[in-house]
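To keep things clear, I will list the structure first and then write my remarks on it.
The values are calculated or read from the model by the stated rules, or taken from the named source; none is laboratory data. These figures come from a predicted structure and were not determined experimentally. Backbone-built Cβ (ideal geometry, glycine too); neighbour counts: all protein chains shown. Heavy atoms of the whole protein, side chains included, go into the accessibility calculation; ligands, DNA and RNA do not. Shrake-Rupley method; radii C 1.70, N 1.55, O 1.52, S 1.80 Å.
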Amino acid sequence: MNARSRIRMIVVYSLSLLLLTLLQTATGDLLSWRGVRPDLTLVLAVISGYLFGVRDGYWVGLTAGAMRDFLTGRNIGLGMLLLMLSGVGAGYLLQGLLRRRPIYAPLAVLAATVPVQLAAAVAAYALPLLPGIPVSLGASLHPVFQRLPRQLLLNAAAAVMLTTAFSWFGPYSRQRRLELAEHEKSGERLWA
Amino acid sequence: MAMRESAEDNLRDFFRNRVFIIVASVLFLLTVLLLSIPPGSPLHAISGPVSAVLRPFERLFSGMTGQVRGYLAAWRDSAALRSENDELTRENAVLRSEIDQLAEAGRRYQELKDAFALKDRFANYRILGAYKLTDSLDTWFDVFRIDLGTSDGIRTSDGSREDGISYPVVDAASRLIGRIHTADLMSSKVVTLIHEGFAVSGRVEKETGAMVRVRGDVELKPRKLCLVDLVTPADANLAVGDEIRTSGNGGLFPAGIPIGRIVELRAGKNPDQQQAVLKPYADLDRLEIVFVMVAEPEP
């Protein structure tokens, strides 16, 4: 990858991270629908891994998770862990299953949304802020299941928009994607 | 020599192996998570530089959001606003006359207070105003940040109760919002009173005022309500409409901060225990500016 391509990749990912994190955390209820907002940082991590490979999913997920931990997390680490694994999982598992076709990107996001939401609820149950007040696992999971349908719809809509945006203003130029697709038809290569 | 080079290549390949990197990352992040849980963990200071960089963008987004929300509300409610405006103009005239009467009453109260040497309720607390920077999201990511940090006098806990980080957070009308959870150089995270990690000792504001515990509940949180339990004495009669304020027990929250009103009575798991559902006074969906109460040292 030449310097110009690398700069483009860094700039696009940085701006995407900043914009989507702030849209998710600093806009109040402007983007919410009946109390649920699209999980934009998760969408970014999964789309990056699904379309551009495990390495992109790893680093974007790690950075997006760190922003999430710093801005809204009870403690540091869970956001990084969940989003990093989402990005890597999208790169490893879903690329093969869904053939990295952009039209299936929302499915990749939906597949990641459920385990991330459940994992956060289990973590909240396992590591309560007030250990003296017990919380049942069922009580922790119930609100997650209640808002899950809305969360899935919003995440899918966000995935469509982000995939479309990346097709025009993505971290890799279309020419570069085509060049690499000529040489490699599978594995760690870019969506074309 | 060839064998040694082969061993070194194998070792290098091992550390570059993707699976190894991912597994090592997972173990490292789990360690970071567990180390960040104890109160006063120094890991929370890591977010200080990030807070400093993001603060202008957060303020910009919050400001833009407020403007957009205002335009949308004005467009939606223009007719209602005109009618409300007429109503408010009439009400304003009534209130002006009441203010004049209350000014006289306030002067007399001040005289009484001086006479009996009444202490201002929060005289020993420094009130610091802060802007809300981010919102809480969903499970685990359910605290919000404000732009006050250790550089503004919010001290991090060193484990002792006296130096506890948990400062009360109230709104402009002194109604309870929550408490400080962690702080870095330029920002702090706030746990709201509907959060299951929040609990405060309260007192029912009536003659036979019972002592209660007001805490967040994971099932009531989506409805923006709190749970009232541990009623003392156990046979005290709670009623819908009862107001609850902080009792001052525990030393963290001063006495007298309004918390909310009881909206529902329910039986506890133990038949002898009463429970109730409380609706907080503070509007947690419309917070923009909050106030942190920092206790001044006793003279």
In segment B:186-209, anything in contact (Cβ under 8 Å) with a residue 40 or more places away in the chain and open to solvent by 60 Å² or more (accessible area, probe 1.4 Å) is listed as B:Arg203, B:Glu205
Which is in contact with a Ser or Thr (Cβ under 6 Å, 6 or more places away or on another chain) and within 13 Å of another protein chain (Cβ to nearest Cβ), of A:Ala112, A:Ala120, A:Ala66?
-> A:Ala120
Between a first residue in segment B:220-249 that is away from chain A (no Cβ under 12 Å) and closer than 30 Å to A:Leu141 by Cα and a second residue that is open to solvent by 40 Å² or more (accessible area, probe 1.4 Å) and modelled with pLDDT of 90 or more, which pairs have beta carbons less than 6 Å apart while being 6 or more apart in sequence or on different chains?
-> B:Leu225/B:Lys279
Number of positions in segment B:193-219 that are touching a Lys or Arg at 6+ places or on another chain (Cβ under 9 Å) and closer than 25 Å to A:Ser140 by Cα | 10
Sort out which residues of segment A:30-51 are among the aromatic types (Phe, Trp, Tyr) and more than 26 Å from B:Leu30 (Cβ to Cβ), and write them in order of number.
-> A:Trp33
Could you identify the single residue in B:Val212, B:Val240, B:Val263 that is among the aliphatic types (A, V, I, L, M) and open to solvent by less than 40 Å² (accessible area, probe 1.4 Å)?
-> B:Val212
Taking segment A:115-141 and keeping only residues that are exposed (fewer than 15 other Cβ atoms within 10 Å of the Cβ) and in a helix (DSSP H, G or I), one is left with A:Pro115, A:Ala126, A:Leu137, A:Gly138
Take segment B:182-195 and flag every residue that is at pLDDT 90 or above and of a type outside the set (S, T, N, Q).
-> B:Lys189, B:Val190, B:Val191, B:Leu193, B:Ile194, B:His195
Output yes when any residue across segment A:153-170 is at pLDDT 85 or above, in contact with a Gly (Cβ under 7 Å, 6 or more places away or on another chain) and either open to solvent by 20 Å² or more (accessible area, probe 1.4 Å) or more than 30 Å from A:Leu30 (Cβ to Cβ) (or both), and no when none is.
-> no
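Let's see how each residue does on (1) exposed (fewer than 15 other Cβ atoms within 10 Å of the Cβ); (2) among the polar types (S, T, N, Q); (3) at the interface with another protein chain (Cβ under 7 Å from one of its Cβ atoms):
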{"residue": "B:Ile22", "(1), (2), (3)": "no, no, yes"}
{"residue": "B:Pro42", "(1), (2), (3)": "yes, no, no"}
{"residue": "B:Ile46", "(1), (2), (3)": "no, no, yes"}
{"residue": "B:Phe57", "(1), (2), (3)": "no, no, yes"}
{"residue": "B:Gly66", "(1), (2), (3)": "yes, no, no"}
{"residue": "B:Tyr71", "(1), (2), (3)": "yes, no, no"}
{"residue": "B:Ala74", "(1), (2), (3)": "yes, no, no"}
{"residue": "B:Arg82", "(1), (2), (3)": "yes, no, no"}
{"residue": "B:Asn85", "(1), (2), (3)": "yes, yes, no"}
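If you check B:Gly129 against the conditions, is it under 32 Å from the mean Cα position of the chain (by Cα), modelled with pLDDT of 75 or more and part of a strand (DSSP E or B)?
Yes: the conditions hold for B:Gly129.
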Residue check, B:Ala52 more than 8 Å from every other protein chain (Cβ to nearest Cβ), in contact (Cβ under 8 Å) with a residue 40 or more places away in the chain and of a type in the set (Gly, Ala, Ser) = yes
Within segment A:89-103, the residues that are open to solvent by 10 Å² or more (accessible area, probe 1.4 Å) and either among the small types (Gly, Ala, Ser) or under 13 Å from B:Leu29 (Cβ atoms) (or both) are A:Gly89, A:Gly96
Pick from segment A:26-77 the residues that are of a type in the set (S, T, N, Q) and part of a helix (DSSP H, G or I): which of them is most open to solvent (accessible area, probe 1.4 Å)?
-> A:Thr63
